[in-house]
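Visitor: Would you mind keeping the following structure in view while I ask a few things?
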Amino acid sequence: MRLRNVTGSREVIAESRFVVQEPTMYKGRWNEVFDNENPIQIEIGMGKGQFLMELATRNPEINFIGIEKYSTVLLRAIQKMEVQELTNLRFIRMDAEEICAVFNCGEIAKIYLNFSDPWPKDRHAKRRLPSRQFLARYNQILAADGRIAFKTDNAALFDFALVEQEAAGWKIEAMTRDLHHDKKMLAGNIMTEYEEKFSGLGNPIYKYIIYR
Ligand code: SAM
């Protein structure tokens, strides 16, 4: 994403009512942010927010939180919310490594990982969002019947994710190596920015849904 030169993004984020500025304050109390008891789902590495905004629009009875590490990217999602405000969607700017400081045990109903960074070097494997280190974090914050849904066009990352899922004792509910030609798994699919780009180039899209 070539957004590095967007000036003032940190200032905009610091003042945005769509961004939860001190997320650790709400650990165990996220329903107060939304002022209801609806379930909460999160996307980690939400990018510019296209997927999550559409998901939140289609599901007003669910609360959504988008987590994004980079201000310049998050800024784009904030700008979209200024045009089309959604009361069931909020953002956090943080590194997902800190996720257990922000959410309580079982507080999250579902986690979406879409086109996560591949971190191709072996020594960076633990930074990959479907790694066993991250699965251990998700294990803490997900409800007992919670699910993780992961999509990517990167075959090596998907194969890695399957090894990690098995090693960490998670089970596969559904899986495809060609989402856009899998009628059942494609039902209700919402395209992310990266999904539009890479499926447009003819790349197959891989997806799993896992639980424990
Ligand atoms: N999900 C979007 C999509 O499918 O279009 C964006 C995909 S982009 C390749 C990956 C995004 O994840 C980037 O915006 C990156 O900054 C973010 N990201 C990567 N690692 C992260 C982490 N540890 N915590 C929060 N965000 C992260």
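Derivation of every value follows stated rules applied to the coordinates shown; laboratory data play no part. Note that the coordinates shown come from a computational prediction; the quantities given were computed from them, not determined experimentally. Reconstructed Cβ throughout: ideal geometry from the backbone, glycine too, with neighbour counts over all protein chains shown.
Visitor: Using a simple spin-label model with points 7 Å from Cα along the Cα→Cβ vector, what separation in nm is obtained for Asn31 and Glu97?
Guide: 3.3
Visitor: Just the projected area, averaged over all directions, of the convex hull on the alpha carbon atoms of region 94-139: how many nm²? Present the calculation step by step, with values, prior to reporting the outcome.
Guide: Numbers: hull surface 13.9 nm².
Projected area, direction-averaged: 3.5 nm².
Visitor: Now, a different point. Would you grab the residues whose amide H sits under 5 Å from the one on Ala174? Only those 5+ places off in sequence or on another chain, please, with H modelled 1.01 Å from N.
Guide: It is Ile209, by chain and number.
Visitor: Moving to a separate point now. Could you check the spin-label model distance between Val163 and Gln21? Points 7 Å from the Cα along Cα→Cβ, value in nm.
Guide: 4.4
Visitor: Sort Glu32, Glu43, Glu54 so that the residue with the fewest other Cβ atoms within 10 Å of its own Cβ comes first and the one with the most comes last.
Guide: So the residues, fewest neighbours to most, are Glu32, Glu54, Glu43.
Visitor: Near Asn31, within a Cβ-to-Cβ distance under 11 Å, what is the net charge of the other residues, with Lys and Arg +1 and Asp and Glu -1?
Guide: Surrounding charge for Asn31 is -3.
Visitor: Report the far tail of the P(r) of region 86-209, meaning the percent of Cα-Cα pairs longer than 25 Å.
Guide: Considering region 86-209, 25 percent of its Cα-Cα pairs are separated by more than 25 Å.
Visitor: Could you sort 146-157, 172-183, 90-101, 187-198 so that the peptide with the highest average Cβ count within 10 Å comes first and the rest follow in order? Let's see the in-between values first.
Guide: Details: 146-157: 19.8, 172-183: 13.9, 90-101: 18.2, 187-198: 15.8.
Highest-to-lowest ranking by the protection proxy: 146-157, 90-101, 187-198, 172-183.
Visitor: Would you list the P(r) distribution for the chain, with all Cα-Cα distances sorted into 5 Å bins from 0 and each bin expressed as a whole %?
Guide: That works out to 1, 7, 15, 20, 21, 18, 12, 5, 1, in percent per bin.
Visitor: With an 8 Å Cα cut-off and a minimum separation of 6 or more residues, compute the relative contact order for region 33-177 in percent.
Guide: Taking the mean separation of contacting Cα pairs over the length of region 33-177, I get 22 percent.
Visitor: Check each of the trypsin sites (Lys or Arg not before Pro) in region 5-65 and keep only those in coil by DSSP with at most 11 other C-beta atoms within 10 angstrom; list them in order. Mind dumping the intermediate values first?
Guide: Details: sites: Arg10, Arg17, Lys27, Arg29, Lys48, Arg58; in loops: Arg17, Lys27, Arg29, Lys48.
Hits after loop and neighbour filter: Arg17, Arg29.
Visitor: Can you compute the label reach from Ala14? Point 7 Å from Cα along the Cβ direction, backbone N cut-off under 15 Å, restricted to region 80-109.
Guide: Label zone hits: 93.
Visitor: Continuing with the same structure: Rank-order 76-84, 158-166 by packing density, defined as the average count of other C-beta atoms within 10 Å over each peptide's residues, highest first.
Guide: 158-166, 76-84
Visitor: Also: So what J values fall out for region 176-182 if you push phi through Karplus, 6.51 cos²θ - 1.76 cosθ + 1.60 with θ = phi - 60°, rounded to Hz, Gly and Pro as x?
Guide: Per-residue couplings from phi come out as 8, 9, 8, 3, 6, 10, 10 Hz.
Visitor: What translational diffusion coefficient, to the nearest whole µm²/s, does region 15-65 have by Stokes-Einstein, given a Kirkwood radius computed over alpha-carbon pairs, a temperature of 37 °C and 0.692 mPa s viscosity?
Guide: Result for D is 275 µm²/s.
Visitor: Further, regarding this structure: Can you tell me how much longer the chain between Ala187 and Val83 gets when fully stretched, taken as 0.36 nm per residue apart minus their C-alpha distance, in nm with one decimal?
Guide: Additional length available on full extension: 34.6 nm.
Visitor: Could I ask something else about it? Compute the Rg/Rh shape ratio of region 1-97: radius of gyration over Kirkwood radius, all on alpha-carbon atoms.
Guide: In region 1-97, Rg relative to Rh is 0.94.
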